[in-house]
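Right, one structure below, let's go through it.
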């Protein structure tokens, strides 16, 4: 019958799409290159499969009912309107399923709140509409802005492959190193989000939040601002480049040279001297 | 229709209106409630905004060392140089320490500023206590004035053993238009 | 509406009533619950097409990467206004309209408890929305900070129109509070003798619970926007870190309102479905009392889950855990409701008239929305989902194929009772299928866009998101234009000059006091209370 068959088609399409989602990159959550992104992916897929299971049963019963108990096929309505056993069943079982799902979620969350020492700290400040990165221990500081041109945005020239996901100065981190991120903002709330690293952290003006990443594979990973921050919210991407330890050291010294050339004053030395004198 | 019906309406309506007014008030009550919970639990990196008295009975826990990092942020277009003079210090819980931030007014005129502290991780925030801090009051700077700004703090020994690193961050805000009438405390400030 | 209602009136007993006024005076001064219900539904319908047009404008801009027709500034205004109008101008007034039309008839009372307050509740709304809409024509930008208007984007960095937005919210809030007050007093005090709480129609139950939610949280919204106003103009620092305030406080206050608000948007809809499914299954609702308890549980739990909108703001571990568990727990009473509906259908005798089609569409698609909600509840996963199109997909599934479908169900179900005209079943079915197809083509791909990393509230996106965005846009146009069928059906039924084609019973399996009245219902009904067995 028309409605029943249509329901079946809807249901099967959903299943098909679900399977396709798993197989095709670019439409599912990335597995990612960080232990956290991978744990999150597994949790996400587990939840998804559980929902598929519950959906299959619920919609299966519904579909069956819609086909079998049609008045047009002569079905006569029963009169029951309660059944203690089944009601307890479908209260208790979902609760147990939720507990089963909550346990891995709790564990992954504990891993995210890992307080172990990190080897590197980067302070990230969100501005309207760019990011500032400060490698606090190395004395490096730079802004990172969208490098896609206005002409591309206004359709005057062909768009780059990484349209809206490219910046002038990338964040460089060494692989297999725990990097602590201190996140704040200058003006409004922004959010630092890189899907393949499994990290999203709100940047709140006046407050500092911390998070961490550990990239297991060299490569370039792109993300975007994850909190509406005004007109150009879509135009302040993030690009993280993970390199070997040696390359990272080289990059740092290159930047430090630039920083040293810029800064030519002895204010801080004088300030430290004054303190020493004060307490002598 | 019974004539008591309108009276029932009035009474119930009155009760519900009181409920509505209560909820409006509750919204405003959320503000101090939030402050209280944040301070107590150290949420949002909030620490105490006023001096903590030193407890003479406080024991220094020499078995542990915590690294306390410092960082600074300027808010908006504020033209100041505002940096910590030490990247970090290592302290035992219970040990008091004095550290300094360097501030230089580069705005070209006199100005009042306010430093807002924020501490991470959340679990540690309420245990980082200050006995003296330039953030307790607004700070007034003459044109081109430079100063070393003190923070006298300790990490309460009750802090969880998991905590090995704490970051104390200050954001410096331009307080123009919000100047308070109280005396600016320049206690401990070293002018340069 | 039918000017003939008064003349068809055979049941009215008190001859002092001379029927409704004519012309615009009738609508301006009416205290009749049916008229006010009509006014709410009319406003909702107009606002639906306004906000729907905004949605289509948004989707056109999102058809391709690069600038299509809008600059980012106006895009942000469109997304903000679309959200605000849909929530406050479409769903809430429609539900209020249903409440006004149905509650007195369902409980056997002649009208609402406070009829003049009822009039005022409605008439605040056109002013509120004119105020809000006028911001689009002001020299600066209209509100452009999302319907959630986080500080400091909306306070320190908000455009001048923000103050008009604040006043508009105050008016809407006042309207909702007064309507909720009216509903509670009506249900408490004006039930026909013999209508005990356990005999109360389930739609009335869900509106009673919703009314309490409204009374509890609309004042909090009022406080929130007042604090915003004070920060903007009176030198306070509720949400400004510079003065010792906290932007996160804004989010707490807003979502303390915001989460119960979404239950306000859906609970009456649950009630509608619980009325419709038994009718077309010819079987009593499975688990009436557990439906009531489940609705109460959802409402109560709704107060303690607000922080799940804030998982990435820097919340501490224990808080995240609590809110995750509490949010997941909401799945239990919601699941009970879904299972109860399925159990009502099971072993029934089912027919597929349009109200039943929309109810079934709701059942499947709202449940899908519930699944994405459960996934969002998991904090680590939420770190990836938050502020992405996955969230957009979730709330559109629960609001469009959730709330909106229940409203459409209600309209198809009760329109013959209100107007006496049976709508064309054929047109209803076309409307249904186009809506379901349009809805899924629009919002199903958004799940994948979000998972692939597309943030929300962006007018322009990276190239890999193009294909799915184009599918979404096509779906949106299908869905949007399909609603014109509903408009046609409603207008035809309302303005038809032909004799009534609907019987009193209308639907074979329908039970309830309203079905004992003639179709179309007289202007005044139940002036003498019916006796309930």
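Some notes on this structure:
- Length-normalised contact order of chain A in % [C-alpha pairs under 8 Å, at least 6 apart]: 18
- Förster radius 60 Å - calculated FRET efficiency between residue A:147 and residue C:437, Cβ distance, rounded to 0.05: 0.90
- Each Cα pair under 8 Å and six or more residues apart adds its separation to the average, and for the range A:120-263 the resulting relative contact order is 27 percent.
- For the range B:10-37 and the range A:213-280, distance of Cα centres in Å: 47
- With a 10 Å cut-off around each Cβ of C:282-289, the average count of Cβ atoms from other chains is 5.
- Report note on the peptides A:88-99, C:73-84: ranked by the mean count of other C-beta atoms within 10 Å, highest first, their order is C:73-84, A:88-99.
- Order of C:488, C:412 under a 10 Å beta carbon neighbour criterion, fewest first: C:488, C:412
- Among A:153, A:86, A:103: highest mean-square fluctuation, GNM of chain A, C-alpha pairs under 10 Å: A:86
- In a fully extended conformation the segment linking residue C:230 and residue C:53 would gain 60.4 nm over its present Cα-Cα distance, using 0.36 nm per residue.
- Here the Gaussian network model covers chain B, with springs between Cα atoms less than 10 Å apart; of B:16, B:78, B:98, B:16 fluctuates the most.
- Whole-number Å³ per residue for the convex hull built on Cα positions in the range C:233-283: 72
- Within the listed set B:19, B:108, B:94, the Gaussian network model of chain B (springs between alpha-carbon atoms below 10 Å) gives the highest mean-square fluctuation for B:19.
- Distance from the alpha carbon centroid of the range B:70-135 to that of the range C:315-390 works out to 46 angstrom.
- Over the range C:402-458: Kirkwood hydrodynamic radius from C-alpha pairwise inverse distances, Å: 13.7
- Per residue, the Cα convex hull of the protein assembly as shown amounts to 183 Å³.
- Folded to 0 to 90 degrees: helix B:4-41 orientation relative to chain B principal axis, Cα: 10
- Other protein chain Cβ atoms within 10 Å, averaged over every residue that makes up B:91-100: 1
- Relative contact order (percent, whole number), chain C, Cα cutoff 8 Å, 6+ residue spacing: 20
- Residues in the range A:60-92 reached by a label modelled at residue C:503 [backbone nitrogen below 12 Å; 7 Å Cα→Cβ]: none
- Simple spin-label estimate for residue C:425 and residue A:100 in nanometres, 7 Å along Cα-Cβ: 4.3
- Antiparallel %, DSSP beta bridges [both residues in the protein assembly as shown], to 5: 75
- Paramagnetic reach from residue C:533 (point 7 Å along Cα→Cβ, amide N under 16 Å) across the range C:181-219: C:194-196, C:199
- Each 10 Å bin from zero up to the one holding the largest Cα-Cα distance in chain C carries the following percent of pairs: 4, 18, 30, 28, 15, 5, 1, 0.
- Helical content of the protein assembly as shown, expressed as a calculated mean residue ellipticity at 222 nm, amounts to -17000 deg cm²/dmol (DSSP H runs of 4 or more residues, -39,500 (n - 2.57) each, divided by residue number, nearest 500).
- Distance in nm between pseudo-label sites at residue C:322 and residue A:277 (7 Å out along the Cβ direction from Cα): 5.3
- Take the Cβ atoms of residue C:28 and residue A:49, set R0 to 45 Å, and the FRET efficiency comes out at 0.20.
- Normalising by residue count, the range C:366-412 has a Cα convex hull of 51 Å³ per residue.
- With Cα atoms defining each centre, the range A:128-178 and the range C:90-109 are spaced 54 Å apart in the structure.
- The range B:146-160 residues near the modelled residue B:81 label - backbone nitrogen below 15 Å, point 7 Å along Cα→Cβ: B:146-149
- For B:26-38, mean number of other protein chain Cβ atoms within 10 Å: 5
- Once the C-beta distance of residue C:198 and residue C:163 is scaled by a Förster radius of 56 Å, the resulting FRET efficiency is 0.70 to the nearest 0.05.
- Between helix C:389-398 and chain C: long-axis angle, C-alpha atoms, 0 to 90°, nearest 10: 10
- Counting only alpha carbon atoms, the long axis of helix C:288-301 and the longest principal axis of chain C meet at about 30°.
- Here the spin labels are modelled as points 7 Å beyond Cα on the Cα-Cβ line, and at residue C:46 and residue A:137 they lie 6.5 nm apart.
Quick note: the coordinates plus some simple rules give every number you see, no bench work behind them. What you are looking at is a predicted structure, and each value in this text was computed from that prediction instead of being measured. So basically every Cβ, Gly included, is an ideal-geometry build from the backbone, and we count neighbours across all protein chains shown.
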